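Trainee: My questions all concern the structure below.
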Protein chains: 2
Amino acid sequence: MVQQRIRWGIMGCGFISGDFVEAIKLLPASEHEIVAVGSKDKSRAEEFKKKHELSCAVAYGSYDEFVKDANIDIVYVGTRNNQHMDDVIRCANAKKNILCEKPMGLNLAEVKKMYQVAKQNNVFLQEAFWSRFFPIYKDIRKIINDGIIGDVQVVQASLGFPILEKMERLYKPELGGGMALDLGCYLVQFALMVFGKGKKIEKVCANGWTKHSVDDTGVFVVKFEGCKIASLVYTGTTVLKCGAEICGTKGRIEIPSDMNAPDKYSVTVMENDKECTKNYSHERPKGDLSKFHFPTSNGLAFEADGVRKHLLTG
Amino acid sequence: MVQQRIRWGIMGCGFISGDFVEAIKLLPASEHEIVAVGSKDKSRAEEFKKKHELSCAVAYGSYDEFVKDANIDIVYVGTRNNQHMDDVIRCANAKKNILCEKPMGLNLAEVKKMYQVAKQNNVFLQEAFWSRFFPIYKDIRKIINDGIIGDVQVVQASLGFPILEKMERLYKPELGGGMALDLGCYLVQFALMVFGKGKKIEKVCANGWTKHSVDDTGVFVVKFEGCKIASLVYTGTTVLKCGAEICGTKGRIEIPSDMNAPDKYSVTVMENDKECTKNYSHERPKGDLSKFHFPTSNGLAFEADGVRKHLLTG
């Protein structure tokens, strides 16, 4: 049974696991505890423990040993994309709840299998779509549902920066590389959040190019039934603004930057043929941000907090 | 021969002709003069003359008579889209120089014919792409050419507002309606400005919907040779931000709004993995703006001024 203070096991010692741990440290220690760190290599687990000052956590040099740790309530799977399926199944069979970094799997078949095994073992399994836990995403859903911007018909979103050639796991297909899996997925979840509920997809068209045998830059346009369209742009080589717009017949919502981890947005409504814009902000959790690898990762705290609440309420 | 003060004939008395005339009035009277106004209906020409205080202009109730006016150096064709071809040919055969509102024709065949007749008559013919005359467009071209934002690979642009059902000429196919002709063309010229010079188009994909038998909303993605892509969104029913981004490997240029008639832009470059942004502005011509139908139409003065310079320098 999960207690008020949930006990995390961290699987994989890369940048994202480090940022997730630092984000948890921004939350009350009475609610979150990191009890175990797992790697294929014990020295790497020890190094991670030291770097992130996790003196109370046990370091494991084997994932099979790690998942046996009886103190773990939930495993954060932060391994490479191509390892997710095996790691999730390993955790599920050990009766651990799981928060798995995105993309959950490399394809639909993998994801279906992962959910099947989680269900068989009666454990919680969630893809780590941290964006959905941001307060601004909640605001946006309410504004749309309340009809403030009228009938929403157009979504535009983009995400990208020159990162493809800087990280081996991104440009190697055998490591689950390609920018659609790393960045494109944020755009898809955004379009699905706005249009997806019960709406069929009528047409998808895509255009772009590959580099090093993985996808580098892509534009995909998704037409949902009933005059709804999403135009989504991602890239691993150019400097995009990373904004998003949700446009309706009466107004629009804009996220000016960091569309996947936003700290500000605006709402524009037409009044007597003139645009009236109001700006809002909701900061990411504060604290010592010097140890984060990605500048917006303090927002992972929203996700950790949200997952804890799920677990406590069942 | 064209004198220092060029003499305009205005063909068609709709909103855009009115705005063009008001824009000319923001320029020095020693350089621009409106000498004639033509309509199919004399009372409409007289009314236009009165409304825009053009006491020195002659009002014509027939286009055939209008084009015979020996005082006209250049005709501004501001008639409906479906009339452009006939009107341009009429002007060309009367040996008048021509600035024709966009879209020049309804299809490629019409435009080819118009250029052929203009050439035969040795007159100047230009599509009224006023955007290209804005100082900000000139700045942008220089920034790209100077390599400030690296290799430009991605263009995003959008233009649209709920206007389709407010203007008969927009929703009637027989009047040359549809939003691609009215708004989409701005996006195309923008993508062509950035990528088009000598670059082949490798692939185009499009998605969207129609209303009242004309196109309402569309997204088209144009892939140019050599890893260059443009994602272009237009609509006649929803409230878009109407911004544009030109994204390269080292930075980006943003036009936050009014991408077809901009008064501000920013340039962001990456410096030590951090974004450094500088904002710039270049106001549209000042003056009495109360008589303009569209809020950015004072920018038409840039176009009138640019066309005058073309005519004077041959």
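Trainee: Write down the percent of antiparallel bridges among all DSSP beta bridges whose residues are both part of the protein assembly as shown, to the nearest 5.
Mentor: Of those bridges, close to 60 percent are antiparallel.
Trainee: What are the ³J(HN,Hα) couplings of segment A:72-81, residue after residue, when phi is run through the Karplus curve with 6.51, -1.76, 1.60 and θ = phi - 60°? Round to Hz, x for glycine and proline.
Mentor: 6, 7, 8, 9, 8, 8, x, 7, 5, 3
Trainee: Not counting ligands, DNA or RNA, and with a 1.4 Å probe, what is A:Glu46's accessible surface area in Å² rounded to the nearest 10?
Mentor: Result for A:Glu46: roughly 80 Å² accessible.
Trainee: Dimensions of segment A:135-281 along principal axes (Cα, Å, largest first)?
Mentor: Projected onto the principal axes, the Cα atoms of segment A:135-281 cover 53, 33, 25 Å.
Trainee: With unit charges on the beta carbon (Lys/Arg positive, Asp/Glu negative), name the residue among B:Ile140, A:Gly251, A:Leu164 whose Cα is farthest towards the positive pole of the charge dipole of the protein assembly as shown.
Mentor: Checked the options; the winner is A:Leu164.
Trainee: To continue, here is another question. To the nearest hundred square angstrom, how large is the accessible surface buried between A and B, total for both chains, probe 1.4 angstrom? Can you show the working numbers first?
Mentor: Numbers: alone 15240 and 15270 Å², together 27330 Å².
Buried area between the two chains comes out at roughly 3200 Å².
Trainee: Another question, then. Leaving out same-chain residues fewer than 8 places away, which lysines sit with a Cα under 16 Å from that of B:Lys199?
Mentor: Counting by Cα, and skipping residues close in sequence, B:Lys199 has these lysines nearby: B:Lys223, B:Lys228.
Trainee: Enumerate the calculated ³J(HN,Hα) couplings along segment A:191-206 in order (Karplus 6.51 cos²θ - 1.76 cosθ + 1.60, θ = phi - 60°), each rounded to whole Hz, writing x wherever the residue is Gly or Pro.
Mentor: Values, residue by residue: 4, 5, 4, 6, 10, x, 5, x, 9, 6, 8, 8, 7, 10, 10, 9 Hz.
Trainee: Now for a different question. Over all distinct Cα pairs, what is the inverse of the mean 1/r for segment A:60-197, reported as the Kirkwood hydrodynamic radius in Å?
Mentor: Result for segment A:60-197 stands at 16.9 Å.
Trainee: Dipole of chain B, Cα-centred, from +1 at each Lys and Arg C-beta and -1 at each Asp and Glu C-beta, to the nearest 20 debye?
Mentor: In total the dipole reaches around 540 debye.
Trainee: If the label point is 7 Å along Cα→Cβ of B:Thr313, which residues in segment B:110-151 have backbone nitrogen under 11 Å from it?
Mentor: none
Trainee: Compare each residue of segment B:182-224 in its chain alone against the assembly with all protein chains, and report those whose accessible area goes down by 20 Å² or more; 1.4 Å probe, heavy atoms.
Mentor: Listed in order, they are B:Lys203, B:Cys205, B:Ala206, B:Asn207, B:Trp209, B:Val219, B:Val221, B:Lys223.
Trainee: In addition: Quickly estimate the mean residue ellipticity at 222 nm for chain A, helices only: each DSSP H run with n ≥ 4 gives -39500 (n - 2.57), and the total goes over all residues, rounded to 500. Each step should come with its number before you reach the end.
Mentor: Values: 9 runs with 84 residues, N = 314.
My calculation for chain A gives -7500 deg cm²/dmol from helical runs alone.
Trainee: When you take every Cα atom in chain A, what is the radius of gyration, and what is Dmax, the widest Cα pair distance, in Å?
Mentor: Cα only, chain A: 20.1, 66 Å (Rg, Dmax).
Trainee: Loop-only check: which trypsin sites (Lys or Arg not before Pro) in segment A:210-314 are DSSP coil with at most 13 other Cβ within 10 angstrom?
Mentor: Values: sites: A:Lys211, A:Lys223, A:Lys228, A:Lys241, A:Lys250, A:Arg252, A:Lys264, A:Lys274, A:Lys278, A:Lys286, A:Lys291, A:Arg308, A:Lys309; in loops: A:Lys241, A:Lys250, A:Lys286, A:Lys291.
Qualifying residues, ordered by number: A:Lys286.
Trainee: Keeping every protein chain present and rolling a 1.4 Å probe, give me the accessible area per residue for segment A:1-135 in Å².
Mentor: About 45 Å² of surface per residue is accessible.
Trainee: Now a separate question. How far is it, in nm, from the label point at A:Lys40 to the one at B:Tyr115 when both lie 7 Å from their Cα along the line to the Cβ?
Mentor: Each label point is offset 7 Å from its Cα along the Cβ direction, giving 6.0 nm.
Trainee: Pop out the ³J(HN,Hα) list for segment B:98-104 in order, Karplus 6.51 cos²θ - 1.76 cosθ + 1.60 with θ = phi - 60°, rounded to Hz; leave Gly and Pro as x.
Mentor: Running phi through 6.51 cos²θ - 1.76 cosθ + 1.60 with θ = phi - 60° gives 9, 10, 9, 4, 7, x, 3 Hz.
Trainee: Something else: Among rounded, prolate and oblate, which fits segment B:30-79 when a ≥ b ≥ c are the square roots of the eigenvalues of its C-alpha gyration tensor, a/c under 1.5 means rounded, and a/b larger than b/c means prolate? Numbers along the way, then the final one.
Mentor: Values: a/c = 1.76, a/b = 1.11, b/c = 1.58.
It comes out oblate by the Cα gyration axes.
Trainee: Can you tell me the alpha carbon radius of gyration of the protein assembly as shown divided by the globular rule-of-thumb value 2.2 N^0.38 Å?
Mentor: Rg over 2.2 N^0.38 Å, computed on Cα atoms: 1.15.
Trainee: So for the pair A:Lys211, B:Asp86, with labels modelled 7 Å out along Cα→Cβ, what separation do we get in nm?
Mentor: Taking the two extended label points, one gets 5.3 nm.
Trainee: Residues with amide H under 5 Å of A:Ile98's amide H, sequence separation 5 or more or different chain, H placed in the peptide plane at 1.01 Å from N; which?
Mentor: A:Val75, A:Phe124, A:Leu125, A:Gln126
Trainee: Okay, next question. Can you list the residues, at least 5 places off or on another chain, whose amide H is less than 5 Å from the amide H of A:Val154, using H built in the peptide plane?
Mentor: Under 5 Å from the amide H of A:Val154 lie the amide H atoms of A:Ile229, A:Cys247, each far enough along the sequence or on another chain.
Trainee: Here's another thing I want to ask about it. P(r) of segment B:106-166 in 5 Å steps, Cα pairs, percent per bin?
Mentor: Per 5 Å bin, starting at zero, the Cα-Cα P(r) for segment B:106-166 comes out as 3, 11, 11, 15, 15, 16, 16, 11, 2 percent.
Trainee: Here is a further query. Starting from the amide H of B:Leu289, placed 1.01 Å from N in the peptide plane, find each other amide H under 5 Å away whose residue is 5 or more places distant or on another chain.
Mentor: Under 5 Å from the amide H of B:Leu289 lies no amide H from a residue far enough along the sequence or on another chain.
Trainee: If I model a spin label at A:Cys56 and B:Leu27 as a point 7 Å from the Cα along the Cα→Cβ vector, what separation in nanometres do I get?
Mentor: Those two pseudo-labels are separated by 7.5 nm.
Trainee: A further question follows. Kindly give the distances from B:Asp64 to its copy-mates, label point to label point, with each label point 7 Å from Cα along Cα→Cβ, as nm values to one decimal ordered shortest first.
Mentor: 9.7
Trainee: Roughly to the nearest percent, how much of the accessible area of the protein assembly as shown is carbon and sulfur, given a 1.4 Å probe?
Mentor: 50 percent
Trainee: Here's another thing I want to ask about it. In nm, one decimal, shortest first: how far is the label point of B:Lys274 (7 Å from Cα along Cα to beta carbon) from the matching points in the other copies?
Mentor: Here B:Lys274 shows inter-copy label distances of 3.9 nm.
Trainee: Between segment A:298-314 and segment B:235-251, what is the separation of their alpha carbon centroids in Å?
Mentor: The two parts, judged by their Cα centres, are 35 Å apart.
Trainee: Given a 1.4 Å probe and the protein chains all in place, what does the accessible area of A:Arg5 round to, in Å² to the nearest 10?
Mentor: 100 Å²
Trainee: Just which residue of chain B brings its Cβ nearest the axis of rotation onto chain A, and by how many angstrom, rounded whole?
Mentor: Per the Cβ-to-axis criterion, the result reads B:Cys205, 2.
The values are calculated or read from the model by the stated rules, or taken from the named source; none is laboratory data. Everything quoted here is computed from the prediction, not taken from an experiment. All Cβ positions, glycine included, derive from the backbone under ideal geometry; neighbour counts span all protein chains shown. Side chains are part of the model used for accessible areas, which takes the heavy atoms of the whole protein and leaves out ligands, DNA and RNA. Shrake-Rupley method; radii C 1.70, N 1.55, O 1.52, S 1.80 Å.
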